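Engineer: First the structure, then my questions, so here it is.
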Amino acid sequence: MEVDDDNSPSTSAAVPDGETTVPTANSTPVQPPAVPPAVVPPTIAPLPAVVPPIAPIPAVRPPVFKPPVPQNGEVKAVDSDSDHEDDGRATAGEYEISEESRLVRERQEKAMQELLMKRRAAALAVPTNDMAVRTRLRRLGEPITLFGEREMERRERLRMIMAKLDSEGQLEKLMKAHEEEEAAISAKAEDIEEDIEYPFYTEGPKELLDARIDIAKYSIVKAAARLQHARRKRDDPDEDMDAEIDWALRQAGNLVLDCSEIGDDRPLSGCSFSRDGKLLATCSLSGVAKLWSMPRVSKVSALKGHTERATDVTFSPVHDLLATASADRTAKLWSSDGSLLKTFGGHLDRLARIAFHPSGKYLGTTSFDKTWRLWDIDTGMELLLQEGHSRSVYGIAFHQDGSLVASCGLDALARVWDLRTGRSILALEGHVKPVLGASFSPNGYHLATGGEDNTCRIWDLRKKKSLYIIPAHSNLISQVKFEPQEGYYLVTSSYDMTAKVWSGRDFKPVKSLPGHEAKVTASDISADGRYIVTVSHDRTIKLWTPGNVEQENDMDWTEG
């Protein structure tokens, strides 16, 4: 019995839990035989029935979405084939797009790209109007102008700024500026429609309109005569232009000092020949203008009336009248016998140069108040107050036809104005210092200017540019004058105490006129081109004539 007790635990231990032992026929308990290994499989056979519940687990898991292209081009390993199949099904269901949807999306993207390209092209278009260029620069936060910058340079700077922003990917900034400009333009257009429309010009008096009409009629006749004269000289086989110019230049090359006379107690500031060459007028810093008989330079009369120094004097081209300008802010009209006829007052600062219109009906004056003015000789009325220079206006000259007038000043600029319309038709930039003198050539298309940069520039009005730059003097040029008949030569006066004559054909030097002991302030040429007069701060009047003038006069008298 002890043996049974000892072996029962081992027997019970050999039987798996939940199993029953089979009783034997012999009631005597007998130790059961050892269970061979072959009997074990039947007891574990039901195990696979427990495993299948594991299979549905992947369906319970949330689907894992994988990117279409694995990182670094490697395929991520999966735990089992079933996992791989399940993930593939989920991915295909998530990214599957119908053909129709794909086409719609492509059309939308294409339309969006075209819209962006149009907006980009509009934003990158550089405006051509200078005000629009300034507005665009202001919208982009850039300076609207730089010192000395011209319109084309400003536009090129805007182009470079826009190209830089585009290359840096700041297209939105450009588009925003473009949209703001369009909005401002549309708002301005609406305001204009609502507001009262005003004329784009400053309305002048009726007298100015009448003067413009009169000048237009006068200029048409004069221009036709000038062109007819030029055609005749060109087409006439008997006319030898080169021979005429050579003769005139030889005459100018033979200029000698014929007379020198003390003109006043104070330095002289201006001089002018009368239309017939029989009288010479001078003015000085004493405020007195004087008349001299020619050719002996004998004093005829003194014109006293200004309270300050006189700055210029000029004779009328058609009447026996002369005008003087003064630092007392007035210009005065005198008769050749010395009587005062009219006083022109209105300038706010001292006057500089004055000039008569070729018709003799109008007088132009320049002033340090940055304006030049046009006056009616008959009524004394101020017809035109013209602004346009940023600094004082100094020189003035009328075209021989009477249609144009040139003004120059301390802003280093010369402007050409159309008297028939009142517009500034040319702005001649080139001098680097104040421009003090201007003169139109009788040929109608050359303009000479001289200034403090010691140079004389010849401008072609047809080409709108400078043809010649003459390094004329070693000091500033105070005045320039073309020979009044044909423009065969040009005279410049300078503060280097000399006057010089230059060829009107190629603008080469012809003659230097030394002799003054101080700066030469003005010069003039007689209507027949035979005399040249210069005045200076040395208070002297010097008359220059060709060496053979007296012989020619004798020959003319003999032939007569």
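Engineer: On the basis of being closer than 29 Å to residue 151 by Cβ, hydroxyl-bearing (Ser, Thr, Tyr) and either in a strand (DSSP E or B) or modelled with pLDDT of 95 or more (or both), does residue 424 make the cut?
Structural biologist: yes
Engineer: Could you please let me know if residue 283 is buried (at least 24 other Cβ atoms within 10 Å of the Cβ), in the same structural domain as residue 493 (by the TED database) and closer than 19 Å to residue 484 by Cα?
Structural biologist: Answer is no for this residue.
Conditions tested, residue by residue: (1) closer than 23 Å to residue 483 by Cα; (2) open to solvent by 80 Å² or more (accessible area, probe 1.4 Å); (3) in contact (Cβ under 8 Å) with a residue 40 or more places away in the chain; (4) assigned to a strand (DSSP E or B).
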{"position": "244", "(1), (2), (3), (4)": "yes, no, yes, no"}
{"position": "250", "(1), (2), (3), (4)": "yes, yes, no, no"}
{"position": "271", "(1), (2), (3), (4)": "yes, no, yes, yes"}
{"position": "277", "(1), (2), (3), (4)": "yes, no, yes, no"}
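Engineer: Looking at 303, 255 in this structure, which one is in the same structural domain as residue 512 (by the TED database), more than 41 Å from the chain's Cα centre (by Cα) and under 28 Å from residue 507 (Cα atoms)?
Structural biologist: 255 is the lone residue from the list that is in the same structural domain as residue 512 (by the TED database), more than 41 Å from the chain's Cα centre (by Cα) and under 28 Å from residue 507 (Cα atoms).
Engineer: Mind telling me which of the residues 374, 385, 363 ends up being in contact (Cβ under 8 Å) with a residue 60 or more places away in the chain and either assigned by the TED database to the domain that holds residue 428 or in a loop (DSSP other than H, G, I, E, B) (or both)?
Structural biologist: Testing whether each residue is in contact (Cβ under 8 Å) with a residue 60 or more places away in the chain and either assigned by the TED database to the domain that holds residue 428 or in a loop (DSSP other than H, G, I, E, B) (or both) leaves just 374.
Engineer: Ok, one more. Pick from the stretch 385-411 the residues that are among the aliphatic types (A, V, I, L, M) and open to solvent by 20 Å² or more (accessible area, probe 1.4 Å): which of them is farthest from residue 356 (Cα to Cα)?
Structural biologist: Of the residues in the stretch 385-411, the ones among the aliphatic types (A, V, I, L, M) are 385, 393, 396-397, 404-406, 410.
Adding the requirement that they be open to solvent by 20 Å² or more (accessible area, probe 1.4 Å) leaves 385, 404, 410.
Details: 385: 16, 404: 12, 410: 22 Å.
Looking at residues that are among the aliphatic types (A, V, I, L, M) and open to solvent by 20 Å² or more (accessible area, probe 1.4 Å), I get 410.
Engineer: Which number in (1) at pLDDT below 85; (2) in a helix (DSSP H, G or I) marks the one condition that residue 154 misses?
Structural biologist: Every condition holds for residue 154 apart from (1).
Here's the yes/no breakdown for (1) touching a residue at least 60 places away in the same chain (Cβ under 8 Å); (2) of a type outside the set (Gly, Ala, Ser):
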{"residue": "292", "(1), (2)": "yes, yes"}
{"residue": "295", "(1), (2)": "yes, yes"}
{"residue": "303", "(1), (2)": "no, yes"}
{"residue": "307", "(1), (2)": "no, yes"}
{"residue": "315", "(1), (2)": "no, yes"}
{"residue": "323", "(1), (2)": "no, no"}
{"residue": "327", "(1), (2)": "no, no"}
{"residue": "332", "(1), (2)": "no, yes"}
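Engineer: While we're on this one: Answer yes or no: is there a residue in the stretch 217-227 that is under 30 Å from residue 303 (Cβ atoms) and assigned to a strand (DSSP E or B).
Structural biologist: no
Engineer: Here is a further query. Of everything in the stretch 485-499, what is part of a loop (DSSP other than H, G, I, E, B) and either under 19 Å from residue 246 (Cβ atoms) or open to solvent by less than 50 Å² (accessible area, probe 1.4 Å) (or both)? Give them in sequence order.
Structural biologist: Pass one, the stretch 485-499, residues part of a loop (DSSP other than H, G, I, E, B): 485-488, 495-498.
Within the stretch 485-499, 485, 486, 487, 488, 496, 498 qualify.
Engineer: Confirm whether residue 346 is surrounded by fewer than 23 Cβ atoms within 10 Å (Cβ to Cβ) and without any contact (Cβ under 8 Å) to a residue 60 or more places away in the chain. Show your work before the answer.
Structural biologist: Values: surrounded by fewer than 23 Cβ atoms within 10 Å (Cβ to Cβ): yes; without any contact (Cβ under 8 Å) to a residue 60 or more places away in the chain: yes.
Yes, satisfied.
Engineer: Continuing with this model, one more query. Looking at 324, 311 in this structure, which one is in the same structural domain as residue 397 (by the TED database), of a type in the set (Val, Ile, Thr) and open to solvent by less than 10 Å² (accessible area, probe 1.4 Å)? If you could, list the steps in order and put the result at the bottom.
Structural biologist: On the way: 311 fails: open to solvent by less than 10 Å² (accessible area, probe 1.4 Å).
Of 324, 311, the one residue that is in the same structural domain as residue 397 (by the TED database), of a type in the set (Val, Ile, Thr) and open to solvent by less than 10 Å² (accessible area, probe 1.4 Å) is 324.
One line per residue, one yes/no per condition, for (1) open to solvent by less than 30 Å² (accessible area, probe 1.4 Å); (2) without any contact (Cβ under 8 Å) to a residue 40 or more places away in the chain; (3) not assigned by the TED database to the domain that holds residue 374:
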{"position": "427", "(1), (2), (3)": "no, yes, no"}
{"position": "431", "(1), (2), (3)": "yes, yes, no"}
{"position": "443", "(1), (2), (3)": "no, no, no"}
{"position": "446", "(1), (2), (3)": "yes, no, no"}
{"position": "457", "(1), (2), (3)": "no, yes, no"}
{"position": "465", "(1), (2), (3)": "no, yes, no"}
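Engineer: Tell me whether the stretch 290-299 contains one or more residues that are assigned by the TED database to the domain that holds residue 533, modelled with pLDDT of 95 or more and outside any strand (DSSP E or B).
Structural biologist: Checking the stretch 290-299: not a single residue is assigned by the TED database to the domain that holds residue 533, modelled with pLDDT of 95 or more and outside any strand (DSSP E or B).
Engineer: For the subset of the stretch 364-384 comprising residues that are within 22 Å of residue 210 (Cα to Cα) and of a type in the set (D, E, K, R), which member is least open to solvent (accessible area, probe 1.4 Å)?
Structural biologist: 373
Engineer: Hey, another quick one. Please work out which residue is nearest to residue 247 (Cα to Cα), limiting yourself to the stretch 500-532 and to residues that are surrounded by 18 or more Cβ atoms within 10 Å (Cβ to Cβ) and free of Cβ contacts under 8 Å to residues at least 40 places away in the same chain.
Structural biologist: Across the stretch 500-532, the extreme among qualifying residues is 500.
Engineer: Being of a type outside the set (Val, Ile, Thr) and either under 17 Å from residue 524 (Cβ atoms) or assigned to a loop (DSSP other than H, G, I, E, B) (or both) is the filter here, so list the residues in the stretch 351-360 that pass it.
Structural biologist: Within the stretch 351-360, 352, 353, 355, 356, 357, 358, 359, 360 qualify.
The values are calculated or read from the model by the stated rules, or taken from the named source; none is laboratory data. Small disclaimer: the values here were computed from a predicted structure and weren't measured. Heads up, the Cβs are rebuilt from the backbone with ideal geometry, glycines too, and the neighbour counts pull from every protein chain shown. Accessible surface is based on the protein model in full, side chains and every heavy atom, while ligands, DNA and RNA are left aside. Shrake-Rupley method; radii C 1.70, N 1.55, O 1.52, S 1.80 Å.
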